[in-house]
Amino acid sequence: MAGTSSGIVAALTAAALGTVGFLAYRAQATVPAGLGAGPVAHATPTSKAPRDRHHPTALPSGSGTGERVVYSVDDDRVWLVTPRERVQRTFPVRPGTVDPPVGTYWVTSRSSTATGTDSIPIEHVVRFTSVDGVAIGFSAAVNGGAEGMAADSGVKTGGIRETRTDGDAMWNFATIGVKVVVIR
């Protein structure tokens, strides 16, 4: 009798694993286009967004509309913009070794804690794309600073580091589906 019971359990387990695998495949195949990993051509990749020379932390014109996170890869700065076009917060960041292409993305995943590709413990991870298999997103080093990027330039890192205080603000603002606009 014990042999029959274990055979039934094994068969049920195999069937359950097969079903879960099938459902995972179907879920991946039906992700809405707006939540994909690639950029949507809303930004002009060849030009830099105009800046206000008298107010270098002012939101660049041409950085989109509505609620969004604006990230300038040239200025290493982020703006959190409300639906009414008000800058809720702006702060400097320290980019990883891999930059996202200019374009419009959406927050696709978040993790309260993780370990970065540079082996640094991080928190409040907000991911929005990947480049050549490297996840790109905002995070704060648990040690408290924006530091913590790998000194080894051969390590591909996509973490855009912010201070813990700025990381808290990003975490509260950038929920799944929030727009992220990357500009030069």
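The values are calculated or read from the model by the stated rules, or taken from the named source; none is laboratory data. On a predicted model such as this, the values are computed, not experimentally measured, just so you know. Note that each Cβ is placed from the backbone with ideal geometry, even for glycine, and that neighbours are counted across all protein chains shown. Calculation scope for accessible area: heavy atoms of the full protein, side chains included, ligands and nucleic acids excluded. Shrake-Rupley method; radii C 1.70, N 1.55, O 1.52, S 1.80 Å.
Figures for the structure shown
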quantity	calculated
From the options 73, 40, 69, 78, residue that is of a type in the set (A, V, I, L, M, F, W, C) and at pLDDT below 90	40
Residue that is modelled with the lowest pLDDT, among those in the range 132-175 that are within 12 Å of the chain's Cα centre (by Cα) and open to solvent by 20 Å² or more (accessible area, probe 1.4 Å)	135
Of all residues in the range 88-108 being assigned to a loop (DSSP other than H, G, I, E, B) and touching a Pro at 6+ places or on another chain (Cβ under 6 Å), the one that is farthest from residue 183 (Cα to Cα)	101
Flag for residue 65 being over 14 Å from the mean Cα position of the chain (by Cα), open to solvent by 60 Å² or more (accessible area, probe 1.4 Å), more than 20 Å from residue 163 (Cα to Cα) and of a type in the set (Ser, Thr, Tyr)	yes
Any hit, the range 126-147, residues being of a type in the set (A, V, I, L, M), touching a His at 6+ places or on another chain (Cβ under 8 Å) and closer than 19 Å to residue 164 by Cα	yes
Residue count for the range 82-101, restricted to those that are more than 19 Å from residue 156 (Cβ to Cβ) and not charged (D, E, K, R)	7
Identity of the residue in the range 68-83, β-branched (Val, Ile, Thr) and over 15 Å from the mean Cα position of the chain (by Cα), that ends up surrounded by the most Cβ atoms within 10 Å (Cβ to Cβ)	81
Test: residue in the range 91-101 that is touching a Phe, Trp or Tyr at 6+ places or on another chain (Cβ under 8 Å) and modelled with pLDDT of 95 or more	yes
Complete set of residues in the range 109-131 that are of a type in the set (Val, Ile, Thr), open to solvent by 60 Å² or more (accessible area, probe 1.4 Å) and not in a strand (DSSP E or B)	117
